[in-house]
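The values are calculated or read from the model by the stated rules, or taken from the named source; none is laboratory data. Quantities reported herein were computed from a predicted structural model and do not represent experimental measurements. Cβ coordinates were reconstructed from backbone atoms using ideal geometry, including for glycine residues, and neighbour counts include every protein chain displayed.
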Amino acid sequence: MDLPTVAAFTDSYLPTVNGVTYTVRTWRDRWQRRGGRMDVVYPDGDYEPDAGEHPVGSLPFPFYEGFRIGVPGVPEAVADASLVHVHTPFGLGIAGLRLARRHDLPVVASYHTPTAEYAEYLAFADPIERAIERSAEGYERRFLDRTDVVVAPSERAAERVRAAVGTTTRVEVVSNGVDVEFFRPVDDGFRARHGLPDGPLVGYTGRHGYEKNLSAIVEAATELDIALAFGGDGPAREDLETAAREAGVDAHFLGFLDREELPAFYSALDVFAFPSPVETQGIAALEANACGTPVAGVASAALADTIDQGETGYKAPPGDAAAFRDVIARTLAKRERLRETCLARRDSISVEHSVDRLAAVYDRVL
């Protein structure tokens, strides 16, 4: 069967390091392996594009260092697309809608992050933040109503789209999936290379945003005999470092890690700690599992489903610091059994299954 030519529009792409970037990149790679074509339109930055990757003008996002917003533009190279897939409701998502309207093409929208989460970066008082959140949800609903189908990475995220956002567009679940060829157990001396101690090591990698509640990891470590390792960066990092230093916690902040190092990072941990209550899927939890590392998380948003209680990790109620500490301790105690289950389930979380599902969605909208 001939695969459709897809024009993917995203405001998050390389060199920015996050889950959206690598989902788009991995889906494109797998689509091309199957003989299809998926071009990507993204904000210009310090990245040398491959064939089929089309940078457009961009502006810095003033409240989040390193993130850029694309100026709406449609490169001529994607004019022959048979389907548009938008991964953002902002600048380049609007450009994708323009292309679809111009050529009467179907539009698939990926729901990666609730737009309202950006409110805390724009507001300086709670009433203003709430007003921005309401405005953001209204904008998000109007944007999604102009698409043919919304794909959400988990059933919890899909429920949020249907309820909180209230779009009338059909919503389907398509997991982002994990590249299990890449994310696998690795033993290459990561701890020694980064000066990490022996003994129980608990860690996190990803964006250091306040909404992810990473301070709960530091708080838990004050009563556990563990060391912490944080990969990544973001606006909450400085406060996390201060809190760890003042509490006397053995915490190591590694900054952004090259993608090539992520499997070794996950493999070096005894437990991946994930207290975020706002994840639409929590792909980092699945990446850790693919490397044999169980997750201590919270029973909130997508993590309520992503973490299989007692099988791939344990979950605490969101906002309960004592319970989260106990979940870390329990995951540490059971880590060998949990590791076996994580490794046995690698195929079930693979990106290949996700792209099978994505192809079926494309087929229906066409």
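Return yes or no: is Thr168 under 30 Å from Arg364 (Cα atoms), part of a loop (DSSP other than H, G, I, E, B) and at pLDDT below 90?
For Thr168, the condition - under 30 Å from Arg364 (Cα atoms), part of a loop (DSSP other than H, G, I, E, B) and at pLDDT below 90 - is met.
Only residues that are hydrophobic (A, V, I, L, M, F, W, C), over 16 Å from His54 (Cα atoms) and either more than 21 Å from the chain's Cα centre (by Cα) or not assigned by TED's automatic domain parsing to the domain that holds Val151 (or both): list them for the stretch 75-93, please.
Selection gives Leu83 alone.
Give the residue that is nearest to Thr293 (Cα to Cα), with candidates limited to residues of the stretch 175-217 that are touching a residue at least 60 places away in the same chain (Cβ under 8 Å) and basic (Lys, Arg).
Arg184
Just to be sure before I move on: is Pro235 surrounded by fewer than 19 Cβ atoms within 10 Å (Cβ to Cβ), assigned to a loop (DSSP other than H, G, I, E, B) and in contact with a His (Cβ under 8 Å, 6 or more places away or on another chain) in the structure I sent?
yes
Out of curiosity, is Thr331 of a type in the set (Ser, Thr, Tyr), in a helix (DSSP H, G or I) and surrounded by fewer than 22 Cβ atoms within 10 Å (Cβ to Cβ)?
Criteria not met by Thr331.
Just a yes or no: is a residue in the stretch 21-40 assigned to a loop (DSSP other than H, G, I, E, B), modelled with pLDDT of 95 or more and surrounded by fewer than 17 Cβ atoms within 10 Å (Cβ to Cβ)?
Within the stretch 21-40, one or more residues are assigned to a loop (DSSP other than H, G, I, E, B), modelled with pLDDT of 95 or more and surrounded by fewer than 17 Cβ atoms within 10 Å (Cβ to Cβ).
Select from the stretch 300-320 the residues that are small (Gly, Ala, Ser) and at pLDDT below 95 and write down the one among them that is farthest from the chain's Cα centre (by Cα).
Among them, the one singled out is Gly319.
Of the residues in the stretch 208-227, how many are surrounded by fewer than 19 Cβ atoms within 10 Å (Cβ to Cβ) and outside any helix (DSSP H, G or I)?
Final tally of qualifying residues: 4.
Does Ser215 count as polar (S, T, N, Q), closer than 22 Å to Ser300 by Cα and not assigned by TED's automatic domain parsing to the domain that holds Val86?
yes
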